[in-house]
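Below: one structure, written as structure tokens.
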Amino acid sequence: MKEEEVINLSKKFKFNAVEAFPLKREASEREYWRIKNNLGETFILCYLDPNKGDHSKFIKISNELKKNNICGVSIIYHDKQIGVTIQEDLGDKNLISILNKDNKQELIERSLKLLVKVQESEIDNLEEFSREDLFEQMNSFKKIFCEQFLYTESDESISDLITITIEKLYQHPWVNCHFDFERRNLVLNPENKLTVIDYQDMKKGPIGIDIAGILVDHYFEMDIEDIKSYLNFFSTKTESKYSNDAFFEFTRWGCIQRNLRILGTLSSLFLIYNRSFRLIDMPLILKNLIKMIPDEHSSKVFLEQEVKPLLLKTIDQI
């Protein structure tokens, strides 16, 4: 949409915006706009084409989180037919923009405490990820990232890695799974409370996927000792009583599922919508994936020797 359309849309709902500013789009079909009225108040207008989906799950989970005293997004207005929600404006202090070496430990530990609350909350009628869901998400690494983006064939070691990962994920405790619990989806609101956003894909799923989301960052090279230290903190906060080694293995396989899936997703966004701004993140996502794969698995060699150079060359040519 254009600014004028957003302003006119807000007036239809009696929010009377005088300015509208687009916010960055990520993997979602949703458009987010900050709207400002003549009193200087700001809100977030979210638009989703009703033919492509609706906001009902997001609104339901928002209400469920509130019942569990978890800071999520407050919905002020919703029009299902048009595909619009008006939400509170949480500001721009997401952890991707404010986390630094001085506040990292504090913010990561606050994030892990919040994750435990999300995982252990009572959320009614939450679906489970199916085996097919988890498989197809990882298989996008082969079909989209390798074949369509890099123009190369994936070898059998990747198929084997996907099969092993599925079996490992089914050995995890299954909890409420945000599915993208990372720094860009964690915001310090105006009251300095850590707030979770973008949770419309939440389902019951393996515990390691969200732990990997916050501890195996897409924007920093992973440090295994750091991860183990944070997992020790996490283990003191959760009701899931496993050893630190077990939590690391949960994180390992959650990371493998997540990074395979995201490399497929980012490739798809570029190929379909020409969204190229996340391509710069792909080499580090791949590097962290390689680090987390067990040393004895042959996919490490294929990814390091074949895929990594081809990815760097492909991005350089775009």
TODO: Working only within the range 44-91, note down all residues that are open to solvent by 50 Å² or more (accessible area, probe 1.4 Å), assigned to a helix (DSSP H, G or I) and not charged (D, E, K, R).
DONE: S56, N63
TODO: State yes or no: is I209 buried (at least 20 other Cβ atoms within 10 Å of the Cβ), in contact (Cβ under 8 Å) with a residue 40 or more places away in the chain and farther than 17 Å from D281 by Cβ?
DONE: yes
Task: Residues within the range 274-299 that are closer than 17 Å to I315 by Cβ, of a type in the set (S, T, N, Q) and open to solvent by less than 10 Å² (accessible area, probe 1.4 Å), tallied - done: 1
Task: Cross-chain or 6+ apart pairs with Cβ under 9 Å, the range 72-96 first and on the phi > 0 side of the Ramachandran plot, then open to solvent by less than 40 Å² (accessible area, probe 1.4 Å) and in a loop (DSSP other than H, G, I, E, B) - done: G83/L48; G83/G53; G83/H55; G91/N189
Open item on the list: Go through the range 136-154 and report how many residues are within 18 Å of the chain's Cα centre (by Cα) and surrounded by fewer than 15 Cβ atoms within 10 Å (Cβ to Cβ).
Closed with: 1
Open item on the list: Just checking: which of the helices (runs of 4 or more DSSP H) contained wholly in the range 234-318 hold 1 or more residues that are of a type in the set (S, T, Y) and over 18 Å from F181 (Cα atoms)?
Closed with: 244-273, 299-302, 308-317
- [ ] Identify the residue in the range 212-231 that is surrounded by 15 or more Cβ atoms within 10 Å (Cβ to Cβ) and of a type in the set (V, I, T) and, among all such residues, is farthest from R30 (Cα to Cα).
- [x] I227
Task: Contacts under 8 angstrom Cβ, first residue in the range 286-309 being touching a residue at least 24 places away in the same chain (Cβ under 8 Å) and acidic (D, E), partner buried (at least 18 other Cβ atoms within 10 Å of the Cβ) and in a helix (DSSP H, G or I), 6 or more apart - done: none
TODO: Answer yes if at least one residue in the range 210-228 is assigned to a helix (DSSP H, G or I), at pLDDT 95 or above, under 30 Å from I59 (Cβ atoms) and of a type in the set (G, A, S), and no otherwise.
DONE: yes
Open item on the list: Which of the numbered conditions does Q171 fail, given that it passes all the others? Conditions: (1) more than 30 Å from C46 (Cα to Cα); (2) open to solvent by less than 50 Å² (accessible area, probe 1.4 Å); (3) not acidic (D, E).
Closed with: (2)
Task: Subset of the range 232-265 (residues that are under 18 Å from R110 (Cα atoms) and open to solvent by 70 Å² or more (accessible area, probe 1.4 Å)) - done: N232, T236, K237, E239
TODO: State yes or no: is D124 buried (at least 16 other Cβ atoms within 10 Å of the Cβ) and at pLDDT below 95?
DONE: no
- [ ] Could you check K143 against (1) closer than 30 Å to T238 by Cα; (2) out of contact with any Phe, Trp or Tyr (no Cβ under 8 Å at 6 or more places or on another chain); (3) in contact (Cβ under 8 Å) with a residue 60 or more places away in the chain; (4) among the basic types (K, R) and say which number it fails?
- [x] (1)
TODO: Inspect all residues belonging to the range 14-24 and state whether any of them is open to solvent by 80 Å² or more (accessible area, probe 1.4 Å), modelled with pLDDT under 95 and either of a type in the set (D, E, K, R) or part of a strand (DSSP E or B) (or both).
DONE: yes
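The values are calculated or read from the model by the stated rules, or taken from the named source; none is laboratory data. Predicted model only: the values in this text are computed from it and were never measured. Cβ coordinates were reconstructed from backbone atoms using ideal geometry, including for glycine residues, and neighbour counts include every protein chain displayed. Ligands, DNA and RNA are excluded from the accessible area calculation, which covers all protein heavy atoms including side chains. Shrake-Rupley method; radii C 1.70, N 1.55, O 1.52, S 1.80 Å.
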